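Input: a single structure, listed below in structure tokens.
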Amino acid sequence: MISNKTWKISIRCQNGTQIETEVPVNAGKQEKNGTAVSVTDFNEDDIRIGKIDLEILPVTLADIPYTEKDKPVQVRIPVEELPEKITAFYMFNPWWTRPAFCKDLSGIPERTQIALFKMKDRCVCLLPMVGDSYKAVMTAGSADEIVFEMTAGIGGIRRISEPLFIMSEGQTSYEAVHKIFAYLKLHTGLRLREERTVPEVFRYLGWCSWDAFYTEVSDEKIRQKAQEMTERNVPVRWFLIDDGWFGAREKMLADLRPDHEKFPEGFKRMTDEIRANSSIKWFGVWHALGGYWDGIAPGSPAEQQEQKYLYQNRAGSIVPDPGKGAGFYKDWHKLLRSEGIDFVKVDGQSAVPFYYQNGFPLAKAAREIAFSLESGACIMNGAMINCMGMGMETVLARPASAVSRNSDDFLPAKEESFAEHLIQNAYNSVYHNEIYCCDWDMFWTNHKHAGKHSLLRAISGGPVYVSDRVGETDPEVLRPLTYADGRILMLERSAKPTEDCIFTDSTQNGVLKLHNIGKWGQENIAGGVAVYNLTDRVQTFVTSPSDVPELDKDQEYWIYDFLEKAVVMPESAKTAGGGLGVGDYKWFVFLPKGQNGSCLGLSDKYCGFTAVEAMFTEGNTDTVVLKGTGNVSWISGKSPVKVLAGGRKVTDQMSSNGCLHTLRLPESAEKAVITITWS
């Protein structure tokens, strides 16, 4: 796709000059227009790699041009084969990315961090690279060229030797994306999602104080919410105390300890008493990468105690030192552990360009502060939610932490924001999930779109937590998400758009289909597709097991419509579809067909099939081991003649509706063994 003949390079210098040069690819170092430049373009492990090596030559010893701080280098590369469609993931603010659906290369937004190109016979993934010091991004050019901009957040440089991009091809977009990150794993040591450990706490249902209290959080309010969860039998197992808990001065951290007016006795007594009187087991707190949004207050107790680990930047703000900041985070997290805190959520992680500009090269600062933060969080056993950190220099920098927020905030006061929230999470997962367990943010159960949000969290493959105000949590909205003990029926990865939706803006045309998979029994998988109509008119859709890449194309599947509680008929149906009204949504489960039938698991749970721990078939008898109980369903063309639960005959508790057979048991988190004999 990209030309390997000649690249055009522009260099902005501090003395106001702009150097323009044209360089042939793979031709060695070329000296022209006051520069010595070489560009290389080569293949390695089925990946195409572009690199740049340039030096600005001095005119005289008294007149040496140095690079400007902002966007000092631009590289324009002709395209020999134009794409049919483009999906570009760009930073629409300093913290988050979202997709742009572009007709041609001239529509690529500024600060595009990764892009997918639909070619006539394949898909291409292009990742502008983060190097030792510099970060590259894409921006709009003409209709037949790709434009890269490089920046280090620091000026006064004469020599740059950095990677510019890596590019891969595949039959599908997901194949192309995965090749990129597999290459980074092999050549940079980047850990992929499956190599990162999701902390146990995030496999249970949680609650966060943010949308309930915003910064007006307090001991009394936390206790009130905990009491409500107990009285309503909501199986929440962790609380996150968000912004507003510590002493602050003008958006700067003043004290590492809880604010005395809001938490007169600190956290310890409160957390101990809530644990003793409720099912809440874990507590976490929020803080920003810099301590607070604008860093640490000069002369404050926090600054005095941690001075040796801090750095005063060129703007005068005091923030953790990238190289020595581990001491600051360790001290803070150790204090929090003594107060009964088990995990942290760390916000504002893509503030690196603001905190360290003109002081440290961007890529270097991102790597070092990520290492410092995770060194501190080891006191929390690595239990951390990374947040507001989708700048690629940050995404690629974290050594081992597993959970990362995947979108801008859930905005309960803006009901129209649901579509944007969904679009960001669905499309960001295309690349973000390669490295992280993606956190799709909290939601309200008492909300116009509560049902839609509930399904989204169920299929997200990440943490599930809510932020309702006191007295407003609806247990029924949460019941389909968890076992009775609060464990999430978590899928294996993040939900992602189906291949036919990757290059389509589904807020304007068609539907958005999201696919995911989960374990079903010892070694099997099942999957599903959620369908959302985000447009202002009725849409038609078709989905099938072929929409889920991991499902065996030669296997036959049952299709279960979860919201209708019905099997798609006839039994030989290979697709589901029809019309979908404005704002409507669907969730279809694809269940491999067994010899006698297939256990749907807990049929009142969105991802109830993951409750099936093991399955055994002998003749016309099936035995199923379940991770919990409730309404357990099977899909079978046969009729049940004998049903045992834990060795006790419960045939009379089984009801049938066509080929859907349901055994009604009390909801419990206890394992169960059920044996069913078919006609």
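Given just the C-alpha atoms of the chain, how large is their convex hull per residue in cubic angstrom?
Details: hull volume 106.5 nm³, N = 679.
Convex hull of Cα atoms, per residue: 157 Å³.
Ranking 167, 390 by Cβ neighbours within 10 Å, fewest first, what do you get? Intermediate values should be presented prior to the final figure.
Values: 167 23, 390 28.
Going from sparsest to densest Cβ surroundings: 167, 390.
Return the percentage of antiparallel bridges among DSSP beta bridges fully within region 195-481, rounded to the nearest 5 %. Don't jump to the answer; show the numbers that get you there.
Numbers: 7 of 31 bridges.
Restricted to region 195-481, the bridges split so that about 25 percent are antiparallel.
Let me have the 222 nm mean residue ellipticity of the chain computed from DSSP H runs of 4+ only, each contributing -39500 (n - 2.57), with the sum over all residues rounded to the nearest 500. If you can, show how the numbers build up before the last one.
On the way: 12 runs with 116 residues, N = 679.
Using -39500 (n - 2.57) per qualifying helix, the result is -5000 deg cm²/dmol.
If you add up the charges near residue 463, with Lys and Arg at +1 and Asp and Glu at -1, over every other residue whose beta carbon is less than 13 angstrom from its beta carbon, what do you get?
Neighbour charge sum, excluding residue 463 itself: +3.
By counting other Cβ atoms within 10 Å of each Cβ, how are 624, 470 ranked from fewest to most? Intermediate results must be reported in sequence, preceding the final value.
Details: 624 21, 470 13.
Fewest-to-most ranking of 624, 470: 470, 624.
Check the straight Cα-Cα distances from residue 29 and name the aspartates and glutamates below 12 Å, setting aside those fewer than 8 residues away within the same chain.
Here the aspartates and glutamates satisfying the reach criterion relative to residue 29 are 53, 55.
If one computes the Cα centroid of region 268-323 and of region 334-400, what distance in Å separates the two points?
Each part's Cα centre sits 12 Å from the other's.
Pop out the ³J(HN,Hα) list for region 664-679 in order, Karplus 6.51 cos²θ - 1.76 cosθ + 1.60 with θ = phi - 60°, rounded to Hz; leave Gly and Pro as x.
9, 10, x, 6, 8, 8, 7, 5, 9, 10, 10, 10, 10, 9, 9, 5
Which angle from 0 to 90°, rounded to the nearest 10, does the C-alpha axis of helix 362-377 make with the longest principal axis of the chain?
40 degrees
Would you mind working out the magnitude of the charge dipole of region 6-183 relative to its Cα centre, with +1 at each Lys and Arg C-beta and -1 at each Asp and Glu C-beta, to the nearest 20 Debye?
Its charge dipole is roughly 420 debye.
What's the angle, to the nearest 10 degrees (0 to 90), between helix 326-338's Cα axis and the longest principal axis of the chain?
Tilt relative to the chain: about 30 degrees.
Using per-residue counts of other Cβ atoms within 10 Å, averaged over each peptide, order 503-509, 407-413 from highest down.
407-413, 503-509
GluC sites (Glu not before Pro) within region 235-305: which are DSSP loop residues with at most 16 other Cβ atoms inside 10 Å?
On the way: sites: 250, 261, 265, 273, 303; in loops: 250, 261, 265.
Those that pass, being in a loop and sparsely packed, are 250, 261, 265.
Among 35, 99, 176, flag the residue with its Cα farthest along the positive direction of the charge dipole of region 6-183, charges on Cβ as +1 for Lys/Arg and -1 for Asp/Glu.
It is 99, whose Cα lies furthest towards the positive end.
Return the loop-located GluC sites (Glu not before Pro) in region 345-443 (DSSP other than H, G, I, E, B) with at most 15 other Cβ atoms within 10 Å of their own Cβ; answer none if there are none. All intermediate terms of the calculation are to be shown ahead of the outcome.
Values: sites: 368, 374, 393, 415, 416, 420, 434; in loops: 434.
Filter output for region 345-443: empty list.
Count the net charge of all other residues whose Cβ sits under 15 Å from the Cβ of residue 577, scoring Lys and Arg as +1 and Asp and Glu as -1.
Values: positive: 513, 574, 586; negative: 500, 547, 561, 564, 584.
Computed value for this residue: -2.
Sum up the charges of everything whose Cβ sits under 14 Å from the Cβ of residue 49, counting Lys and Arg as +1 and Asp and Glu as -1, but leave residue 49 out.
Values: positive: 48, 51, 179; negative: 41, 44, 45, 46, 53, 162, 169.
That works out to -4.
Check the straight Cα-Cα distances from residue 627 and name the aspartates and glutamates below 17 Å, setting aside those fewer than 8 residues away within the same chain.
200, 485, 492, 523, 604, 613, 667, 670
Student exercise: in region 423-575, how many lysine pairs 8 or more apart or on different chains have Cα atoms under 23 Å apart?
Number of lysine pairs found: 17.
Provide 568, 466 in ascending order of the number of other Cβ atoms located within 10 Å of each residue's Cβ, fewest first. Please list the in-between numbers first.
Working: 568 17, 466 29.
Fewest-to-most Cβ neighbours within 10 Å comes out as 568, 466.
Let me spell out the model: positive unit charges on the Cβ of Lys and Arg, negative unit charges on the Cβ of Asp and Glu, origin at the Cα centre of the chain. What dipole size does that give, in debye rounded to 20?
On the way: 75 positive and 89 negative charges, 162 e Å.
So the magnitude is around 780 debye.
May I ask for the angle, rounded to the nearest 10°, between helix 268-277 and the longest principal axis of the chain, with both axes built from Cα atoms and the value confined to 0 to 90°?
It works out to around 20 degrees.
Projecting each Cα onto the charge dipole of the chain (Lys/Arg +1, Asp/Glu -1 at the beta carbon, about the Cα centre), which of 128, 595, 546 comes out farthest on the positive side?
595
Can you give me the relative contact order of the chain as a percent, contacts being Cα pairs under 8 Å and 6 or more apart?
Numbers: 1686 pairs, mean separation 61.3, N = 679.
It rounds to 9 percent for the chain.
Hey, got a sec? Which trypsin sites (Lys or Arg not before Pro) in region 555-596 land in a DSSP loop and have at most 13 other Cβ atoms within 10 Å?
574
Go from 0 up to the bin containing the longest alpha carbon distance in region 233-330, width 5 Å each, and give me the % of pairs per bin.
Whole-percent P(r) values from 0 Å outward: 3, 13, 21, 20, 15, 12, 9, 5, 2, 1, 0.
Since every read-out is calculated from the coordinates, none of them should be taken as a lab result. Every value quoted in this text rests on a predicted model; they were computed, and no experiment measured them. All Cβ positions, even for glycine, are placed from backbone atoms using ideal geometry, and neighbour counts span all protein chains on display.
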